[in-house]
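J.: I have a structure I would like to understand better, so I am pasting it below and will then ask my questions one at a time.
The values are calculated or read from the model by the stated rules, or taken from the named source; none is laboratory data. Just so we're clear, the structure is a prediction, and the values are computed from it rather than from any experiment. Methodologically, a virtual Cβ is constructed for each residue, glycine included, from the backbone with ideal geometry; neighbour enumeration extends over all protein chains shown. Quick note on the areas: whole protein, heavy atoms, side chains included, nothing else; ligands and nucleic acids left out. Shrake-Rupley method; radii C 1.70, N 1.55, O 1.52, S 1.80 Å.
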Amino acid sequence: QVQLMESGGGLVQAGGSLRLSCAASGSIFSIKTRGWYRQAPGNQRELVADRTRDGSTNYADSVKGRFTISRDIAKNLVYLQMNGLKPEDTAVYYCRVTTTLDDYWGQGTQVTVSS
């Protein structure tokens, strides 16, 4: 079992920045991929960025060049640095990790970007 806790969401003006954090606990040795997803009202949940154990990263086209996913191994944290935020980035952001057998989600953190 893996437990996840996100933090760092909030309200920001367009063009601003936020950094989301996701703390993992439990069977963290089994984690293969760490990622961030988001879901806006009326929309499906979508991948924002993810990072594999070997450091490979993958980004949604809409956030490339603006968002960066990174990891602090010592603190068991994964970050999503979001720069140049746009109103269309407004959503609930979820941390997700995958293991060989399962995947786990955090409770989500709200990001609101005002125009």
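J.: Run the numbers on the chain and let me know its relative contact order in percent, using alpha-carbon pairs under 8 Å that are six or more apart.
T.: Relative CO of the chain lands at 36 percent.
J.: In a shell of Cβ-Cβ distance under 9 Å around Arg53, excluding Arg53 itself, what net charge do Lys and Arg (+1) and Asp and Glu (-1) give?
T.: Its environment carries a net charge of +2.
J.: Oh, and also: Can you sort Phe29, Phe67 by 1.4 Å-probe accessible area, starting with the largest?
T.: Largest accessible area first, the residues go Phe29, Phe67.
J.: State in Å² the accessible area per residue of the chain; use a 1.4 Å probe, count heavy atoms of protein chains only, and round to the nearest integer.
T.: Value returned for the chain: 53 Å² of accessible area per residue.
J.: Now, a different point. As an exercise, take the mean of 1/r over every pair of distinct alpha carbons in segment 1-105, invert it, and state the Kirkwood radius in angstroms.
T.: Result for segment 1-105, one decimal place: 14.0 Å.
J.: How would Glu88, Glu6, Glu46 line up by accessible area, probe 1.4 Å, largest first?
T.: Glu88, Glu46, Glu6
J.: What size of dipole, in debye to the nearest 20, comes out for segment 38-115 about its Cα centre when the only charges are +1 on Lys and Arg C-beta atoms and -1 on Asp and Glu C-beta atoms?
T.: 180 debye
J.: Also, quick follow-up: Carbon and sulfur: what percent of the chain's accessible surface (1.4 Å probe)?
T.: Of all accessible area on the chain, carbon and sulfur atoms account for 48 percent.
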